[in-house]
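The values are calculated or read from the model by the stated rules, or taken from the named source; none is laboratory data. Since we're looking at a predicted model, the values are computed, not measured. Cβ placement follows ideal geometry from the backbone for every residue including glycine, while neighbour counts extend to all protein chains displayed.
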Amino acid sequence: MVNDDKEQRRQEWYERVKKEGKLKRSPKEEHDAKLKTLQNPVRRNILKTLNEKKMTFDELKVEFNLEDMPLKMNLGMLEDTLYIEKEDEITYIITPRGEDYLEGVEPKDEPKGDLKKRRDEWYEEAKKEGKLKENPTEDHRAGLKAMQNPVRRHIVESLGEGKMTFDEVKTKFDLNDVQARLNLDMLVDTLYIEKEDETTYVITVRGEAFLENVDSKHL
């Protein structure tokens, strides 16, 4: 029930910011802005702190030992990329996009043994279900073809930050139904992503491995 409420809140938030015209960047512009924002450890820590509790401007000043101007700049960048928003004139809260980002980076903090075990189990399951192509060369070619397209690379990157519905992918990447279906189907077929349910997509272990092994400037 808690998960259902969270998912409903997430969907309502994305609908609201879409209506407000805040999802207006191209995929490349969006990627560049998010990358620039979260490259800074102070902004990442602000996000983690707001995930624990809402905070006022003055509370954040004290918490991070920042003057007014540097704090305004950091909060402004996090707001602009929709990771946080104002609850009122002085209070900041994390958004569903911010929560999705933190959920997406959590697996990287797994102990190496647990991460390897999870990956081994996923590959074993994919093999049993006949999803892995028998010819490694064919599998490699299919994966390469899928990832040559920048839109598909950005879709995988976005799903690395959190699950998305079909409509959310369409909106974020400015795609029509046919384009979104084609790109998502190629990523599902090459096992970089998979369906959690009829409308929701999540990144797979293979997708996570791709992101870990690719320099972000090449995405």
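Restricting the first member to region 121-140 and to residues that are assigned by TED's automatic domain parsing to the domain that holds Tyr192, and the second to residues that are modelled with pLDDT under 75 and outside any helix (DSSP H, G or I), the beta-carbon pairs closer than 7 Å and six or more apart or on different chains are Ala126/Leu132; Asp139/Leu132; Asp139/Lys133.
Tallying residues that are more than 15 Å from Lys72 (Cα to Cα) and in a helix (DSSP H, G or I) within region 22-41 yields 12.
Just give me the residues in region 116-165 being surrounded by fewer than 16 Cβ atoms within 10 Å (Cβ to Cβ), in a helix (DSSP H, G or I) and among the acidic types (Asp, Glu), in sequence order. Within region 116-165, Asp120, Glu121, Glu124, Glu125, Glu138, Asp139 meet the criteria.
Selection of first residues in region 8-27 that are more than 13 Å from Glu168 (Cα to Cα) and of second residues that are of a type in the set (A, V, I, L, M, F, W, C) and surrounded by 13 or more Cβ atoms within 10 Å (Cβ to Cβ), restricted to Cβ pairs under 8 Å at least 6 apart or on distinct chains, gives the following pairs, ordered by first then second residue: Lys22/Leu82; Arg25/Ala33.
Among the residues of region 42-91, those identified as assigned to a loop (DSSP other than H, G, I, E, B) and of a type in the set (A, V, I, L, M, F, W, C) are Leu66, Leu82, Ile90.
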